[in-house]
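Readers should treat all values here as calculations from the given coordinates under stated rules, not as data from a laboratory. Note that the structure is predicted; figures quoted are calculated from it, not measured. Neighbour counts are summed over all protein chains in view; Cβ atoms, including those assigned to glycine, are modelled from backbone coordinates with ideal geometry.
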Amino acid sequence: MKEYQTITEISGPLVFVETDEPIGYDEIVDIETPSGEIRRGQVLEAASGYVAIQVFEGTDGIDQDSSVRFLGETMKMPVTEELLGRVLDGSGDPIDGGPDIVPEERHDIVGAAINPTAREYPEEFIQTGVSAIDGMNTLVRGQKLPIFSASGLPHNELALQIARQATVPEEASDEEGDDEESEFAVVFGAMGITAEEANEFMDDFERTGALERSVVFMNLADDPAVERTVTPRMVLTTAEYLAFEKDYHVLVILTDMTNYCEALREIGAAREEVPGRRGYPGYMYTDLAQIYERAGRIDGREGSVTQIPILTMPGDDETHPIPDLTGYITEGQIYVDRALNSQDVSPPINVLPSLSRLMDDGIGEGLTREDHADVSDQLYAAYAEGQDLRDLVNIVGREALSESDNRYLDFADRFETELIDQGGHTDREIDETLDIAWELLSMLPETELNRIDEELIEEYYVGGAESEPVEAAAD
Amino acid sequence: MSQATQEQTVDDDGVIDSVSGPVVTATDLGARMNDVVYVGEEGLMGEVIEIEGNVTTIQVYEETSDVAPGEPVENTGEPLTVDLGPGMLDTIYDGVQRPLDVLESQMGAFLDRGVDAPGIDLEKTWTFTPAVEEGDEVSAGDVVGTVDETVSIEHKVLVPPGYEGGTVESIEEGEFTVEETVTTLSSGEEIKMRQEWPVREARPTVEKQTPTKPLVSGQRILDGLFPLAKGGTAAIPGPFGSGKTVTQQSLAKFADADIVVYVGCGERGNEMTEVIDDFPELPDPQSGNPLMARTCLIANTSNMPVAARESCVYTGITIAEYYRDMGYDVALMADSTSRWAEAMREISSRLEEMPGEEGYPAYLAARLSEFYERAGYFVNANGTEGSISVIGAVSPPGGDFSEPVTQNTLRIVKTFWALDSDLAERRHFPAINWDESYSLYRNQLDPWFEAEIDADWSETRQWAIDTLDEEGELQEIVQLVGKDALPDDQRLTLEVARYLREAWLQQNAFHDVDRYCPPEKTFQILTAIKAFNDEAFAALEAGVPVDEITTIDAAPRLNRIATTPDDEAEAFVADLTDEIESQLQEQY
Ligand SMILES: Nc1ncnc2c1ncn2[C@@H]1O[C@H](COP(=O)(O)OP(=O)(O)OP(=O)(O)O)[C@@H](O)[C@H]1O
Ligand SMILES: [Mg+2]
């Protein structure tokens, strides 16, 4: 082990050390303060003669007399199935008073990229029991589907509802032909959330017994910000181990990615880097991709990593670099909406800007139901039309609108109250979701359902012939 | 870059001085700009990007964790090249042309580092059929023989550019590996099936011509309103989730190119997996053979090393040029050019270069135009004509087209397909905004469409454009007063325009029939809507109220033409127009 007492500069989260031996890029460092405290760090730049170190737990208390030990390896996460049921801090050390973790293996936390030829395309429907998701933004195993929210909105409740209710219905998993169903696990990573929010999660995990099959990483608001840059990597290293070596279907929840990005910005500023958009590092896209791309399935392996990262959009602005770069990487997004929330719609999901890009291959005959894709398309088109008319109705009033326009307005209202507003504890089967959708679509004349195959209209349209009394007789 | 060149290592090795992410500096390295070097104990592949005195800066194509100062750097003395020869089709490469399936067999599901593999299989033998005889004169670019590379593509073995040429001294039919000599010339030059070419340099041609043939895409809004030429350039910018990738993939599947080079540049792993899964199953609409037989994929996903992302577009276009030299029409899709620009920005900022607009290097515009300049309709050295069409996706931050990558791209490309989040939200796909988009090839391609599809092609299209324009203006009024306040003729125009949008412009990429629409059918749908328009206005003239005209039950069936199988569409349209006519005429 190489040990130095040659700190030349301390600046924000960074420490510069003179060295006379080669130190590897990304190598892990322990810094011992004069008071005997140990701080963990990582080499950000390795030059001959000096290195720059990023200190995870903050640099306060470090002075030029502190000693710096280079551990000769990059950062590792000790992994074992025994992690299930445990609560760890943001750097992976237990904080639940339980026994020490005896690792089975130690994995590099910077995961290697999955070779695209080795991936298996995700197409196994996960039923979340939430109509707005199952019906119109379907989640599949191995997908990365973030929740775009903002401060003060119930995104945590939604994430918990999904974690509680998520199942893979019989038919969908039979298709795959795997006899022994793999087990389900949750790996939860908190980054900079408040203790109160953390309790909300922990209480729910404990109450529902989910904790036993969960691994929890907690970096709270008052924990060091720089530590947040390693937390998601610890989380995903654990998730990959459970999924690809122990056959679990792992659901990863990361909250709040906004705090993670703030930490990145802080380090960038300390290094005096040329900032990118709105002060965030120019490499933030690549950095986030290295997190989000660690979701998926691998050919020939049982398990899967499904990610639901949560982020709060600063100023409710979806063009802010954090949601923007995330949206460019993930496979869709679910928007939690302030207006719907204030109308007490629960969960307040705005489906229009929401999207699941992996939906098309995960739904349809034999997977969910034959009419699923068409129904979803038609719901989008009709709800968008109703939304447009709401703007108009504010100006001209309902009376000035045609009968057809009024139908779309009614549709939009009932769509929100009957399909979306199901409540935080209602778990709906996909059939139920689609049946409600047909109830709503049947408010519109059959001829307007131009996104839906004619045979499907015949089969599912509620009311059939009597809804069109005029036509035939008139002539 | 291949192992085959590794032997030439010269004795100009250096020592690592510093490591910061993908950027490494070395001292005492005798190297030229753009030389490929092997970095560190593990021999990670890199490229020289700056030389200042004794210090050489290298961008490394692999992860650099644990690499330390003091480790060696070895120079190959060669620029970054690709291997060209049979075996590139039906293959997927990373950004520096390492075949991903070979890497998987060597290191498993996760991409490790320090592994190299030749771009084309050096052991495999191919049946070489001579195209010239002993005694024939050949020069650079000439075809000396052919190889059946895939069921779709006959690979032409060319005299490499830069060869002096001469009389053929020996040539023989038979089984050869790509490294064996298949032809010797009087000049002493030997021709093998494999050649190399530096990726950052365009391969030579005789001349560039004005494109006059469309790259028929099978997408109604593109062929119908904003056509791309064979040899043309197009940009498709749009916010996330607006349909760039779906459109690029539809083009890769259905465009009538001979060869498709699909470059996934800094995007999602699953999207590449989807292509790898789908293309071998899907038939090429032209030949009926599996699509993969005409396709070369390059995948440098967002989590793969950023320096290799910078080079992947060059690897792609060089491969495209090589097939162009054989006389093929090649289409190259790059998804997304913004990720490439960001890779430049990232490297540039690590070099502490003076940043230009939004942190991008000052040479951004130059790099973009150099790249798109490699597209075109060409006359090759061997007298054949070949083309490269380039379609670049652009991912503007916040969906704002005023940013540097979009703006600099628009200055170069001639076709602009603007994606619109508003259309995408209401699931109007492809979400291409018909007001903002344009194609500067439209006029030069009209003669082709009029000769091959219908003499009324451009006239009918103009009618559609006018109707959509009028709708746009009327919509502004509707937003203030409601539809019912408009006079009857304007309400009818809105109804016709709605059919144009829903029955013609919209196209579902996931519907088995609708995903590909031959230009004949594109025209049929349009004429059916036009027929409805003409009959409806005649009825209106005759005093029929607009509410009765728009509620005839034949009209909504216009929306069903798109999903009617291509060979039934003509009859369906004929029946439908008859029915519309009779239902409308019944009313007066
Ligand atoms: N022609 C189409 N037909 C049907 N659906 C489409 C079509 N085009 C786009 N979509 C829908 O839009 C979604 C997003 O499209 P796509 O993945 O191409 O977006 P993108 O612009 O490439 O986004 P990003 O920049 O994030 O990569 C698709 O998953 C699909 O659901
Ligand atoms: Mg895309």
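The H on the amide N of B:Leu215, modeled in the peptide plane, is under 5 Å from the matching H of B:Leu228, B:Ala229, B:Lys230, each at least 5 residues off or on a different chain. The lysines within cross-link reach of B:Lys483, meaning a Cα-to-Cα straight distance under 26 Å and a gap of 8 or more places when in the same chain, are B:Lys530. Using the Karplus relation 6.51 cos²θ - 1.76 cosθ + 1.60 with θ = phi - 60°, the per-residue 3J(HN,Hα) values for segment B:549-565 come to 5, 7, 9, 4, 7, 6, 4, x, 6, 4, 5, 9, 4, 4, 8, 7, x Hz, with x marking Gly and Pro. Amide H contacts of A:Val187 (H built 1.01 Å from N, in plane; Pro and chain starts excluded): A:Val215, A:Leu251, A:Val252, A:Ile253 sit under 5 Å, all sequence-distant by 5 or more or on other chains.
Against chain B, whose longest principal axis comes from its Cα atoms, helix B:488-499 is set at around 30 degrees. Bridges between two residues of segment A:77-362, per DSSP, are antiparallel at a rate of about 35%. Take each residue of peptide A:45-53, count the partner chain Cβ atoms within 10 Å of its Cβ, and average: the result is 5. Adding -39500 (n - 2.57) for every DSSP H run of four residues or longer, then dividing by how many residues the protein assembly as shown holds, sets the calculated 222 nm ellipticity at -9500 deg cm²/dmol. Computed from Cα positions, the angle between helix B:566-585 and the longest principal axis of chain B comes to roughly 20 degrees. When B:Glu47, B:Glu271, B:Glu133 are arranged by Cβ crowding within 10 Å, least crowded first, meaning fewest neighbours, the order is B:Glu133, B:Glu271, B:Glu47. Protection proxy ranking for B:475-487, A:152-164, using the average of other Cβ atoms within 10 Å per residue and placing the highest first: A:152-164, B:475-487. Rounded to the nearest 0.05, the FRET efficiency derived from the C-beta distance between B:Gln587 and A:Asp410 at R0 = 30 Å is 0.50. Once the Cβ-Cβ distance between B:Asn289 and A:Glu432 is put in as r, and R0 is 45 Å, what FRET efficiency do you end up with, to the nearest 0.05? Working from the Cβ atoms, E equals 0.50. Calculated FRET efficiency, B:Thr167 to B:Thr125, Cβ-Cβ distance, R0 = 35 Å: about 0.85 to the nearest 0.05.
Are any of the pairs B:Lys213/B:Lys414; B:Lys230/B:Lys414; B:Lys230/B:Lys253; B:Lys208/B:Lys414; B:Lys208/B:Lys230; B:Lys208/B:Lys244 more than 18 Å apart by Cα-Cα distance, and if so, which?
Correct reply: B:Lys208/B:Lys244.
Separation of segment B:175-243 from segment B:433-458 is 24 Å, based on Cα centroids. Summarising the amide proton neighbourhood of B:Val182: residues at separation of 5 or more, or on other chains, whose placed amide H is nearer than 5 Å comprise B:Ile191, B:Lys192, B:Met193. Which distance in Å, rounded to a whole number, links the C-alpha centroids of segment B:491-550 and segment A:151-171? When both Cα centres are located, 43 Å separates them. Our note on the geometry: Cα centres of segment A:417-467 and segment A:97-122, 43 Å apart.
Ranking request for peptides B:258-265, A:80-87: highest mean number of other beta-carbon atoms within 10 Å first, then the rest in descending order.
For the peptides B:258-265, A:80-87, the packing ranking is B:258-265, A:80-87.
The long axis of helix B:306-325 is offset from the longest Cα principal axis of chain B by roughly 80 degrees. Charge tally around A:Ala166: other residues with Cβ under 11 Å, Lys/Arg +1 each, Asp/Glu -1 each, net 0.
For the listed peptides B:174-183, A:10-19, B:94-103, B:316-325, a ranking on the average number of other beta carbons within 10 Å per residue, highest first, reads B:316-325, B:94-103, A:10-19, B:174-183. Taking θ as phi - 60° and the Karplus parameters 6.51, -1.76 and 1.60, the scalar couplings of segment B:205-218 work out to 9, 8, 7, 9, 10, 6, x, 10, 10, x, 8, 5, 9, x Hz in sequence order, x denoting glycine and proline. For the pair A:Glu212 and B:Phe537, label points projected 7 Å from Cα toward Cβ lie 7.4 nm apart.
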